[in-house]
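Written below as C-alpha cells is the structure these notes are about.
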There are 2 protein chains.
Amino acid sequence: MTDLRTALAEAVGIDHVLPDSPPEYGHDESLTVAAVPPAFVVRPGSTAEVTAVLRVAAAHGVKVTARGSGTGLSGGAVPDGGGVVVSFERMNRVLEIDTANHAAVVQAGVTLAELDEAAAAHGLVYPVYPGEMSASLGGTIATNAGGMRAVKYGVTRRHVLGLEAVLASGEVLRTGGKIVKESSGYDLTQLIIGSEGTLALVTQATVRLYPRLPAQATVLAPFPSLDKVTAAVPDIVNSGIGPLILEYIDMVTMSVITANEGIDLGIPAAIRDKALAYLVVVLEERNDERLAEATEEAAALLTHLGAPDVYVLPAAAARRLIEAREKAFWAAKGAGADDILDTVVPRAAMAGFLAEVAEIAKDHGGLAVGAGHAGDGNVHLAVFQPDAEARASLLRDIFAAAVSRGGAISGEHGIGHAKKSYWLELADPVAVALMRRVKHAFDPQGMLGPGSAFD
Amino acid sequence: MTDLRTALAEAVGIDHVLPDSPPEYGHDESLTVAAVPPAFVVRPGSTAEVTAVLRVAAAHGVKVTARGSGTGLSGGAVPDGGGVVVSFERMNRVLEIDTANHAAVVQAGVTLAELDEAAAAHGLVYPVYPGEMSASLGGTIATNAGGMRAVKYGVTRRHVLGLEAVLASGEVLRTGGKIVKESSGYDLTQLIIGSEGTLALVTQATVRLYPRLPAQATVLAPFPSLDKVTAAVPDIVNSGIGPLILEYIDMVTMSVITANEGIDLGIPAAIRDKALAYLVVVLEERNDERLAEATEEAAALLTHLGAPDVYVLPAAAARRLIEAREKAFWAAKGAGADDILDTVVPRAAMAGFLAEVAEIAKDHGGLAVGAGHAGDGNVHLAVFQPDAEARASLLRDIFAAAVSRGGAISGEHGIGHAKKSYWLELADPVAVALMRRVKHAFDPQGMLGPGSAFD
C-alpha cells in the first residue's frame with residue numbers, strides 16, 4: 001500500500017498536506033483539554049477531495065478529525081495523535097445568497113463574519129451569534145451553536161435547512177435544501193447538527209436568512225437578586241415584546257467586563273452597590289416608531305418587575321457592553337478561570353441552580369461566577385479551582401445538579417473531550433446506548449471525531 | 001408460550017384489548033391506502049403498559065403500529081394484518097402547563113384541541129395548527145405536522161423540547177426536557193420527530209408554548225397570476241411584518257370553498273373575474289395599535305406588489321375563510337378528488353412548479369388544483385384521475401418535478417404507505433441507505449410501523 005503521506009498528497013495535492021504535525025492544529029480554545037498534534041493535516045479544496053481523504057484514512061485505518069476555525073470550547077477539534085486533521089480553511093466560499101428564498105449556501109469553512117458580511121449586503125442576517133465571529137459554519141453546525149440571540153431566533157439547528165456531508169465510507173450525503181419543511185424520511189440534517197464531527201464531515205450547508213431589522217435599543221435593569229431576574233423572565237416573554245437578547249450578568253462579571261473595557265454605563269453608585277444581578281434586554285424592530293414604543297413598554301415592565309431603575313443605554317455604550325459580554329470568555333480566561341461551563345437548566349430553575357452552584361463551588365474550595373442567557377436558562381460559569389482533581393469533583397456536582405433539575409451538561413458548546421466522562425455518567429443510559437448504535441450506523445469503524453462524546 | 005391475546009390482556013387489562021379486529025382501527029384518512037384491520041387493538045393507559053405490550057409483541061414476533069386519532073393522510077396508521085395496533089386514546093392527559101418555563105407536558109393521545117384549550121386558559125398557545133384539531137400530539141410528532149401558521153412559528157419539530165418514548169426493546173427513552181437548547185449528544189428528539197412511528201412509540205412530549213397574541217387581521221389580495229403571488233412573497237418576508245399565515249388559494253379552490261361555505265368576501269365581480277390566485281395574509285400582534293399599523297403596511301405593500309385591490313376582511317368572514325381553507329381537504333374529497341398531495345419546493349420555485357404540474361396533469365388526462373402555504377413553498381394539490389395506473393404515473397412525475405427543483409415529496413403529511421414507492425425511487429439513495437441503518441439501530445427486528453417509509 002502507498003504510504004499514508006503519499007496517499008493523502010494524491011488526495012488533496014502535495015501543497016495541502018502540511019509538514020510535520022503542526023502544533024496549532026492540535027487544540028481548540030478549551031481550557032482543559034491537552035493539545036495533541038496530529039500526524040497529518042490536510043486542507044481539501046472540494047467535497048471530492050474530502051471523499052478522497054476519507055477513503056485514504058479508511059484504507060490506512062487512521063482516525064479523522066474535522067477542523068473549522070478551532071474556536072470550540074470542548075476539545076472537539078483535538079485529534080488522535082496518529083490521525084488526520086481535515087481542515088476546512090480552503091473551503092471558504094459563500095456559494096450563494098438567495099434573496100428569493102431567504103437562504104445562503106456556504107462551504108463549511110466560511111466564517112460567521114464572512115457570512116454576516118455577505119448577508120448584510122442584501123439587508124439579510126444569519127442570526128447565530130455565538131460571540132465568536134471567526135467560528136466556521138461547519139464548526140457551529142457541529143456544536144449546534146447558540147449565543148445571545150438564540151432567545152429570539154433559536155439555536156443553529158433552527159436555521160440549517162440542508163447539508164452536504166461526507167460519510168466515513170467516503171459517500172456524499174445530501175439532505176434538505178432551500179425548503180423550510182419536510183416530512184420525507186428521517187431528518188438526517190438534524191441528526192448531524194450537534195454531532196461534533198462524529199457522524200459525518202459537513203462540507204456544505206444551506207442556511208436560512210432573515211430580514212436584518214434596522215432599529216435596536218438596549219435596556220439595562222439592575223436587580224437586587226438573581227431570583228428577581230429569573231422571576232422577571234416569564235413576564236417579559238408573555239408581554240410579546242420578543243427581545244433579541246435577554247441576558248443576565250452577575251455583579252462580579254459586570255465589574256470585570258466594564259472595568260476591562262472601560263465602559264461607563266452611567267449607573268449611580270447607590271444603585272450599583274445594591275445590584276446583585278443585571279438583566280440586559282436588547283430589542284430590535286423594523287422601524288424607529290415601533291422601537292420607541294417597545295422600549296417604553298420594556299422599561300415600564302422591568303420597573304414593575306422590581307428593577308429599582310432602568311437604563312436605556314446610548315448606542316455606543318450598548319454596543320460595547322454586548323461586545324464585552326461576547327468576550328466574557330476571554331475576560332474569564334484573563335482573570336485566571338480554570339474552566340468555562342455552559343450548563344443549561346429550565347429557565348425558571350436558574351436562580352435556584354445558581355444558588356446551589358455557589359454552594360457546590362464553596363464546598364470544593366472553588367468559585368463559580370458568570371453570565372448567561374436568562375431567556376434560555378443557559379448559564380455560563382467561570383470556574384476557579386486550580387487543582388484538577390478538586391475541579392473534576394466540583395464540575396461533576398454542578399452537572400449533576402443541572403441534570404437533576406431537568407437540564408443538561410452543555411447548552412451550546414458540546415461535550416467534546418472535555419465533558420465526556422461527566423456526560424457518560426449522567427446522561428440517560430438508554431439514550432447513550434442508542435446513540436452508540438446510531439454512531440455505528442454512520443461510522444462502523446469508529447473513524448470520525450475520535451475521543452469526542454463517545455470513547 | 002401464552003397465546004397473544006392472553007399476553008396482551010395481561011399487559012393492558014382485558015377491557016383494553018378490543019375484540020375481533022375492529023375495522024375502524026385499520027385505516028386513517030388517506031384517500032388511497034387500503035384499510036387493513038389489525039389482529040389486535042390494545043389501549044394502554046400508561047408508559048409501563050406500552051412497554052409491556054412491546055415486550056409481548058417482540059416475544060410473539062408480531063408488528064406494532066402506533067395510532068393517535070387516525071387523522072393522518074399517508075396511511076401511516078394502517079397496520080399489519082397480523083399485527084397489533086397500540087391506540088393512545090386513553091393516554092390523553094395534559095400533565096402540566098408550566099407558565100414559568102412556557103412549556104406543556106402532555107401524553108401522546110392528547111388532541112391539539114385539548115392542548116389548545118389548556119394553553120388558552122393561561123393566555124398561551126401551542127402554535128401547530130395543521131387544520132385538524134382532533135389530531136393527537138403523538139400523531140403530529142410522528143409526521144412533523146406543519147399547517148398554516150408554520151410560516152411564522154415553524155413546524156412541529158421547532159416546538160417539541162423533549163420526549164418520552166418506548167423502544168422496540170421495551171426500554172423507555174427520555175430525551176430533552178423543559179430546556180430550549182442542548183448540545184449534549186445526538187438530538188434523538190429531532191430524530192424521532194417525523195419518523196412516523198418506525199423508530200419508537202412516543203408516550204409523552206414536552207412542548208413549547210408561546211404568548212397568545214390577542215390582535216389578528218386578515219388581508220386578502222387577488223392577483224392576476226400565480227407568478228405575481230410567488231414574486232410577492234420575498235418582499236412580504238423582507239418587510240418584517242412577519243405574517244402568521246401566508247397562503248395562496250387558486251381560483252378554482254377559492255370558488256369551491258366560498259361556495260361550499262356560503263362565504264361572501266365582498267370582492268366585486270370585475271376583480272374576481274380577473275383573479276387567478278389569491279394571497280391570504282393574516283397578521284397577529286400584541287395590541288390593536290400595532291395591528292392597525294401592520295395591516296396598513298401590508299395592504300400598501302400588496303398593492304405595490306401588483307394586487308389590483310386589497311381587502312381587509314371582517315373578522316367573521318376571515319374566520320370562515322380560514323376555517324374553510326383548513327377544510328380544503330374535505331372540500332377536495334367531497335368534489336371527488338382521487339388523491340391529496342403536500343409536495344414542497346423552494347418557495348420561489350412555486351409558480352414554475354405549479355405550471356409544470358398543470359402540464360403533467362393534462363398529459364396524464366387528469367387535473368391538479370390547490371391551495372398552499374405560499375410562504376413555505378408547500379403546495380397542496382387535489383389530484384383528479386380515477387384510473388389508479390394513470391394516477392400513479394401522474395404522481396410520480398409531479399414528485400420528480402418537485403425533487404428536481406430542490407423540493408421533497410412530502411412537506412408535512414409524511415411518506416407513510418401512500419408515497420413510499422415514489423420516495424424510495426426519488427430520494428437520495430445514500431440517505432435512504434443510511435436511514436435503513438438508523439432504523440436498524442433503533443428496531444433491529446423491524447417491528448415498529450410496518451410498511452411505513454421502508455419495506
Exercise. Of all residues in region A:190-201, how many are within 28 Å of B:Thr343 (Cβ to Cβ) and open to solvent by less than 10 Å² (accessible area, probe 1.4 Å)?
Worked result: 4
Seminar exercise, completed: Residue hits (region B:165-181; facing another protein chain (nearest Cβ under 7 Å), surrounded by fewer than 24 Cβ atoms within 10 Å (Cβ to Cβ) and over 14 Å from A:Leu434 (Cα atoms)) are B:Gly177
Seminar exercise, completed: Just one listed residue, out of B:Leu279, B:Leu265, is surrounded by fewer than 23 Cβ atoms within 10 Å (Cβ to Cβ), more than 18 Å from B:Tyr153 (Cα to Cα) and not assigned by TED's automatic domain parsing to the domain that holds B:Ala348, and it is B:Leu265
Exercise. Are there any helices (runs of 4 or more DSSP H) wholly within region A:75-164 with 2 or more residues that are in contact (Cβ under 8 Å) with a residue 12 or more places away in the chain, open to solvent by less than 10 Å² (accessible area, probe 1.4 Å) and over 30 Å from A:Arg5 (Cβ atoms), and if so which?
Worked result: A:112-120
Exercise. Is it the case that some residue within region A:3-20 is of a type in the set (Lys, Arg) and crowded, with 19+ Cβ neighbours inside 10 Å?
Worked result: no
For this session: Would you check if B:Ala324 is in a helix (DSSP H, G or I), open to solvent by less than 60 Å² (accessible area, probe 1.4 Å) and modelled with pLDDT of 95 or more?
Result: no
For this session: State all residues of region A:231-271 that are within 15 Å of A:Ala294 (Cβ to Cβ) and of a type in the set (Val, Ile, Thr); if no residue qualifies, say none.
Result: A:Ile236, A:Val237, A:Ile241, A:Ile245
Seminar exercise, completed: Counted residues in region B:6-45 being of a type outside the set (Asp, Glu) and under 26 Å from the mean Cα position of the chain (by Cα) come to 19
Exercise. What number of residues within region B:296-349 satisfy the criterion of being within 14 Å of another protein chain (Cβ to nearest Cβ) and among the polar types (S, T, N, Q)?
Worked result: 1
Exercise. If you go through region A:282-291 one residue at a time, how many are touching a residue at least 40 places away in the same chain (Cβ under 8 Å) and open to solvent by 10 Å² or more (accessible area, probe 1.4 Å)?
Worked result: 6
For this session: Hey, can you tell me all the residues within region B:182-192 that are facing chain A (nearest Cβ under 7 Å) and touching a strand residue (DSSP E or B) at 6+ places or on another chain (Cβ under 6 Å)?
Result: B:Glu182, B:Ser184, B:Leu188
For this session: Identify the single condition in (1) in contact (Cβ under 8 Å) with a residue 24 or more places away in the chain; (2) closer than 19 Å to B:Asp187 by Cα; (3) not in a loop (DSSP other than H, G, I, E, B) that A:Thr175 does not satisfy, given that it satisfies every other one.
Result: (1)
Exercise. Pick from A:His380, A:His413, A:His440: which is open to solvent by 10 Å² or more (accessible area, probe 1.4 Å), within 14 Å of chain B (Cβ to nearest Cβ) and more than 18 Å from A:Leu31 (Cβ to Cβ)?
Worked result: A:His440
Problem set entry | The lone exception for A:Thr47 - which of (1) away from chain B (no Cβ under 14 Å); (2) in contact (Cβ under 8 Å) with a residue 40 or more places away in the chain it fails | (1)
For this session: Out of the residues in region B:202-223 that are open to solvent by less than 10 Å² (accessible area, probe 1.4 Å) and either free of Cβ contacts under 8 Å to residues at least 12 places away in the same chain or within 14 Å of chain A (Cβ to nearest Cβ) (or both), state the one that is farthest from B:Val155 (Cα to Cα).
Result: B:Ala215
Exercise. Which members of region A:416-437 meet the condition of being within 10 Å of chain B (Cβ to nearest Cβ) and either surrounded by 24 or more Cβ atoms within 10 Å (Cβ to Cβ) or in contact with a Pro (Cβ under 6 Å, 6 or more places away or on another chain) (or both)?
Worked result: A:Gly416, A:Lys419, A:Leu434
Exercise. Within the bounds of region B:304-315, is there any residue that is buried (at least 21 other Cβ atoms within 10 Å of the Cβ) and within 30 Å of A:Asp98 (Cβ to Cβ)?
Worked result: yes
For this session: Scan (1) open to solvent by 50 Å² or more (accessible area, probe 1.4 Å); (2) assigned to a loop (DSSP other than H, G, I, E, B); (3) over 21 Å from B:Leu137 (Cα atoms) for the single condition B:Ala59 breaks and write down its number.
Result: (2)
Problem set entry | In region B:350-367, the residues that are within 12 Å of chain A (Cβ to nearest Cβ) and open to solvent by less than 20 Å² (accessible area, probe 1.4 Å) | B:Met350, B:Ala351, B:Phe353
Exercise. For A:Val237, are the conditions met, namely being at pLDDT below 95, within 14 Å of chain B (Cβ to nearest Cβ), out of contact with any Cys (no Cβ under 7 Å at 6 or more places or on another chain) and crowded, with 20+ Cβ neighbours inside 10 Å?
Worked result: yes
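The values are calculated or read from the model by the stated rules, or taken from the named source; none is laboratory data. Computed from a prediction, not measured in an experiment: that's the story for all the values here. Cβ sites come from the backbone with ideal geometry, for glycine too, and all protein chains shown count toward neighbours. These area figures cover heavy atoms from the full protein model, side chains too; ligands, DNA and RNA do not enter into them. Shrake-Rupley method; radii C 1.70, N 1.55, O 1.52, S 1.80 Å.
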